[in-house]
1. Using only C-alpha positions, report the orientation-averaged shadow area of the convex hull of region 45-135, nm², one decimal.
2. Give me the number: length gained by fully extending residue 70 to residue 169, i.e. 0.36 nm times residue separation minus the C-alpha to C-alpha distance, one decimal in nm.
3. Counting only DSSP beta bridges with both residues in the chain, tell me the antiparallel percent, nearest 5.
4. Could you sort 6-13, 133-140 so that the peptide with the highest average Cβ count within 10 Å comes first and the rest follow in order?
5. What is the distance, in nm, between label points placed 7 Å from the Cα along the Cα-to-Cβ direction at residue 161 and at residue 147?
6. When a/c is below 1.5 the answer is rounded, else prolate if a/b is larger than b/c, else oblate, so apply that to region 109-201 with a ≥ b ≥ c taken from the square roots of the Cα gyration tensor eigenvalues.
7. Can you tell me the length gained on complete extension of the stretch residue 36 to residue 104, counting 0.36 nm per residue apart and subtracting the Cα distance?
8. So for 130, 175, fewest C-beta neighbours within 10 Å to most, what's the order?
């Protein structure tokens, strides 16, 4: 089985690329989903986050208030690193379990794990190949403002808190540029999937 890591900065179109890969028959694990599960209501992960950040980050339903958490960690580098140190090992454990189950189910298949901080955490080293999704900085900024309903300065602050796109690209075996139309992004994704298929067969 071919193990592929997929990463990219915030609001560059990773979810779209993953949806195309799923359509094409690849196994895709959404890192956001895994990250949500490890801090789900009543989970040991959420208990540890509350111990570190206080009960104020939990909403009235006992769930993690993601907006409040984002506001805290994007404003303070140390707090962001603290949150990552709690969540990353739990997410990696979940990813490894999933990879193991896909390997049994489809030994000749391609398993893709989508994770925003794969390069920063060193997690990319566990994969056979790494795909970096990217887009032009101005497009990224506008997508983030629209998606999260943020001002330009708040969106720029969130982007600035992450590793620069150009730095991420240096780690990539394959790059997918989503700056153009949906159709162009789909074609670029299809081309990378063809290359992965030729490796896995």
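1. Its average projected convex-hull area is 7.9 nm².
2. Length gained, residue 70 through residue 169: 33.1 nm.
3. Numbers: 1 of 18 bridges.
So the antiparallel bridges in the chain amount to around 5 percent.
4. Taking the mean over residues of other Cβ atoms within 10 Å, the ranking is 6-13, 133-140.
5. 1.5 nm
6. Details: a/c = 2.60, a/b = 1.53, b/c = 1.71.
In terms of gyration-tensor shape, oblate.
7. Details: separation 68, 0.36 × 68 = 24.48 nm, distance 2.49 nm.
So the extension gain works out to 22.0 nm.
8. Ordered from fewest to most neighbouring Cβ atoms within 10 Å, 130, 175 come out as 175, 130.
Rule-based calculations on the coordinates, nothing more; no lab input. Note that this is a predicted model, so its numbers are computed, not measured. Glycine gets a Cβ as well: all are built from the backbone with ideal geometry, and neighbour counts include every protein chain shown.
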